[in-house]
Amino acid sequence: MADVLSQNEIDALLKQLSSGELDVDTIEDSQAAKVKEYDFSRPAKFSKEHLRTLEIIFEHFGRLLSSNLPAYLRKNVQVEVMNSEAVTYSEFSNALSNPVLLAIVNMSPLSGNIILELATNIGYTIIDRLLGGSGEPLEKVRDFSEIELSILERIFNVIIELLREPWGNVVEIDPYLERIETNSQFAQIISPTEMIAIVTININIGGVEGLMNVCLPFMTLEDVMDKLNTKYWFSTMQDRDEQSYADVIETAINKAQIPISAELGKSTITVWDFVNLQIGDVIKLNTNVDDELDIYVGNIVKFKALPGSTSDNYAVKVTEIYREEE
């Protein structure tokens with residue numbers, strides 16, 4: 001509510017108006033609504049909240065890269081999200097040099113594609129490591145050969161597969177690599193004036209640093225823009241408590257195959273007797289026919305059992321269970 005003027009203030013204003021000290025036009029100009037400039041060539045389709053949420057998503061993605069890539073490269077990998085910004089696609093494509101590494105990724109069920117631009121020095125480092133080298137980039141930049149692109153395709157498939165989990169709180173995606181381009185002119189996936197969000201990620205592989213830029217067109221994210229805010233993102237995070245992890249581990253263990261063997265007995269013979277063993281020879285064991293057998297799970301005795309058969313197959317019947325405390 002506007003402030004209420006006292007009678008003395010009203011009289012003072014009227015006096016200034018009548019004397020010409022105060023201009024009515026000046027008052028109207030000062031109270032007029034201020035106009036904010038809007039650049040129609042760069043529509044504000046991504047808010048700061050959208051960009052911040054994308055950073056959170058790709059920070060999660062970066063942690064997955066740090067833990068998964070070392071298994072393939074045998075090198076320490078450090079990943080850090082540097083920043084995010086909204087620009088037009090022409091600004092992004094004009095800044096690309098040739099040759100360039102562009103992975104065109106289909107973000108099904110979202111419409112359109114995204115682009116992963118990987119620094120060429122990181123690309124050469126990955127190739128060198130996978131071919132048994134120490135992981136040094138080339139001193140002179142050159143085009144990638146077909147064989148080198150095939151090698152990089154394997155790593156890009158690993159990287160793209162890691163996108164599933166970070167995006168899980170926003171939308172369930174099934175991303176896959178459509179193609180790899182080394183010339184930016186062949187990667188015109190959208191109109192040059194279309195707005196995109198760029199998330200810049202710094203990758204360090206054994207001391208070799210380079211950037212990976214993730215190009216996210218507005219048309220691809222349009223259907224989930226309302227979910228790209230931190231409030232929604234955190235409210236829909238799945239509870240990953242210890243019990244849920246225990247259930248997953250228990251399920252995996254239950255499906256694991258382990259070797260089980262029954263030991264009939266033990267004996268000691270000379271090497272000469274062993275070399276000259278023939279079919280029909282008898283080896284005397286240290287157990288009797290009616291003794292219980294030791295049942296090994298792996299190399300640990302877990303059960304006692306009696307020998308027998310079932311359906312024409314040899315079998316044992318468990319008679320005793322060894323507990324850990326025993």
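The values are calculated or read from the model by the stated rules, or taken from the named source; none is laboratory data. Treat the numbers as computed from the prediction; the structure is a model and nothing was measured. As a convention, Cβ positions derive from the backbone with ideal geometry for all residues, glycine included, and neighbour counts pool all protein chains shown.
Applying a threshold of 8 Å to beta carbon distances and a minimum spacing of six or more residues, or different chains, the list of pairs starting in the stretch 253-264 at a residue that is within 20 Å of Asn313 (Cα to Cα) and ending at one that is among the aliphatic types (A, V, I, L, M) and assigned to a loop (DSSP other than H, G, I, E, B) reads Leu264/Leu285. What about Glu59, is it over 26 Å from Leu149 (Cβ atoms), assigned by TED's automatic domain parsing to the domain that holds Asn183, among the charged types (D, E, K, R) and under 22 Å from the mean Cα position of the chain (by Cα)? Yes. Within the stretch 97-155, the set of residues being over 19 Å from Gly210 (Cβ atoms) and without any contact (Cβ under 8 Å) to a residue 60 or more places away in the chain comprises Gly132, Ser145, Glu146, Ile147, Ser150. Out of (1) of a type outside the set (Gly, Ala, Ser); (2) closer than 13 Å to Ile198 by Cβ; (3) in contact with a strand residue (DSSP E or B) (Cβ under 6 Å, 6 or more places away or on another chain), what's the single condition that is false for Asn113? Going through (1) of a type outside the set (Gly, Ala, Ser); (2) closer than 13 Å to Ile198 by Cβ; (3) in contact with a strand residue (DSSP E or B) (Cβ under 6 Å, 6 or more places away or on another chain) one by one, Asn113 breaks only (2).
Over 23 Å from Glu165 (Cβ atoms), at pLDDT 90 or above and either acidic (Asp, Glu) or in contact with an Asp or Glu (Cβ under 9 Å, 6 or more places away or on another chain) (or both): is that true of Gly123 in this structure? Walk me through how you get there before you give the answer.
Values: over 23 Å from Glu165 (Cβ atoms): yes; at pLDDT 90 or above: yes; either acidic (Asp, Glu) or in contact with an Asp or Glu (Cβ under 9 Å, 6 or more places away or on another chain) (or both): yes.
It is true that Gly123 is over 23 Å from Glu165 (Cβ atoms), at pLDDT 90 or above and either acidic (Asp, Glu) or in contact with an Asp or Glu (Cβ under 9 Å, 6 or more places away or on another chain) (or both).
The residue list Phe144, Phe156, Phe186 contains one member that is buried (at least 18 other Cβ atoms within 10 Å of the Cβ) and over 17 Å from the mean Cα position of the chain (by Cα), which is Phe144.
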